[in-house]
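Let me begin by presenting the structure, written as structure tokens, before commenting on it.
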Amino acid sequence: MTTPHQEELLPGTRRALLHRIAVAQSEGRAPLLVAAVVRDGRIVWHGARGSVGGQGSPDENVQYRIGSITKTFTAVLVMRLRDEGALDLGDPLEKHLPGTGVGEATVADLLAHAGGLAAESPAPWWERTPGSLRPELADVLGERPLLHPVGRSFHYSNPGYTLLGALVEKLRGAPWEEVLRREVLEPLGLDRTGAQPSAPFADGWAVHPWADALLPEPVEDLGLMAPAGQLWSTTADLARFAVFLARGDDRVLSAGTVREMRTPATAVEATDVADGTSYGLGMQIQQRGGRLLVGHSGSLPGFLASLTIGVDDDVAAVVLANCTSGPLTSAVGADLVRIVAEAEPRIPAPWRPAAEVDASVLELTGPWYWGTHAFALRLAADGTVSLGPLTGSGRRSRFHANGDGTWTGQEGYYAGELLRAVRRPDGTVDHLDLGSFVFTRQPYEEGASVPGGVDPGGWRGID
């Protein structure tokens, strides 16, 4: 199957991708399995295996239900409200949506599945029954909505995202689906994504575990649970969404905000730590084979889905199947990213010098010492500075200039911390102050403002 830019991948890479989804479709016994790979912001490969009812192999515009990938779309709407100042992530839900009984949970808690809520809505099974059975939030939450202390730990919750959808509707004064289309789908050009299927779309099937036989799965409108799992989409649309989640789009969310969504936001169970998985603000995060992957998986009766982004490799993969159980789409997506990243490593942009250099910053570059630990401060062409150990691992961060001679840390231990140069009365630099840590030009430099002072006898040997 040919799609735009497909020829940009080498033949061996394309065959490896096809082999991977062919194995997944065959061993997972999926009626249909489709996948797409994005590199450098564009779809570079699309593949499909299987067919049902003589319909032939589907292209990148056939819709599948994407289940919990919907949660990431809902999280984008909430982050838009935060960026506009309509809410703060630290706000308790009660401030904006009173009377739910879970009002102590903050907006951030709900985004990160740390609100203490139950994983599912009370019976009957909400994914296979009409949303009309749960007309009110109380019907979604049940008599015992909280199973864990609020804010203490990760516990995946579908009702939590129902509450976030209700929050969006309350603050926007419009239905969740309408707000989503106006604020996210239309600006990003996701014309084949929506709450209801639009032909062509795949039918959802259950595959008999012990026989090569199929059973149709019901398709239900999830009602209030829609923000947790209602959407239908295509490989082409989800590929565009992956580019947005990696780079941002100022029409929807800035690059800084989507980076915030990709950052771990809550403590996880010990088993999840061992597996290298965590959760941000509406996005799943995992370490697989030394590679950081973000995105989300999804499932509803009759469908499996995954969206996987290797941000550092600038490669993303979408995998969709129309079966209730079978291929592990998230594992397939991770493998597709790995295949491209390893077979055709990202070519770095050419180095270019800065257009201009601030002399007052240039004099700060070079080696510094925190006690006896050697660090280096470097100035990049874009005006950011970085500080990190000269050798080995340790605390490091990039810092963005604040315009007043100070910089703010962007990641890791120093995220949000202030870096500034402390000068003597004659204007020379005495030391760097980073969140109270003192960095001097020499280890425990004599005459510098080192906390606790420096022994006047200086460095010495031992007889």
| message | List pairs: first residue in the stretch 398-410 and in the same structural domain as Thr384 (by TED's automatic domain parsing) and farther than 11 Å from Val361 by Cα, second residue among the aliphatic types (A, V, I, L, M) and assigned to a loop (DSSP other than H, G, I, E, B) anywhere in the structure, Cβ distance under 6 angstrom, at least six positions apart or on different chains. | response | Gly409/Ala415
| Residue under evaluation Ala75, criteria (1) surrounded by fewer than 16 Cβ atoms within 10 Å (Cβ to Cβ); (2) closer than 19 Å to Ile309 by Cβ, criterion not met | (1)
| query | Could you give every pair whose Cβ atoms fall below 9 Å, whose first residue belongs to the stretch 145-161 and is without any contact (Cβ under 8 Å) to a residue 60 or more places away in the chain and closer than 14 Å to Gln284 by Cα, and whose second residue is of a type outside the set (A, V, I, L, M, F, W, C) and loosely packed, with under 15 Cβ neighbours inside 10 Å, counting only separations of at least 6 or pairs across chains? | reply | His155/Glu269
| task | Tell me which of these Ser397 doesn't satisfy, since it passes every other one: (1) under 26 Å from Val258 (Cβ atoms); (2) at pLDDT 95 or above; (3) not charged (D, E, K, R). | result | (2)
| task | Please indicate, with yes or no, whether at least one residue in the stretch 228-245 is in contact (Cβ under 8 Å) with a residue 24 or more places away in the chain and farther than 22 Å from Thr308 by Cα. | result | no
| task | Within the stretch 364-414, work out how many residues are more than 25 Å from Ala349 (Cα to Cα) and touching a helix residue (DSSP H, G or I) at 6+ places or on another chain (Cβ under 6 Å). | result | 1
| query | Is it fair to say Leu224 is farther than 27 Å from Thr129 by Cα, modelled with pLDDT of 95 or more, part of a helix (DSSP H, G or I) and hydrophobic (A, V, I, L, M, F, W, C)? | reply | no
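The values are calculated or read from the model by the stated rules, or taken from the named source; none is laboratory data. Treat the numbers as computed from the prediction; the structure is a model and nothing was measured. FYI the Cβ positions are ideal-geometry reconstructions off the backbone, even for glycines, and counts take in every protein chain you see.
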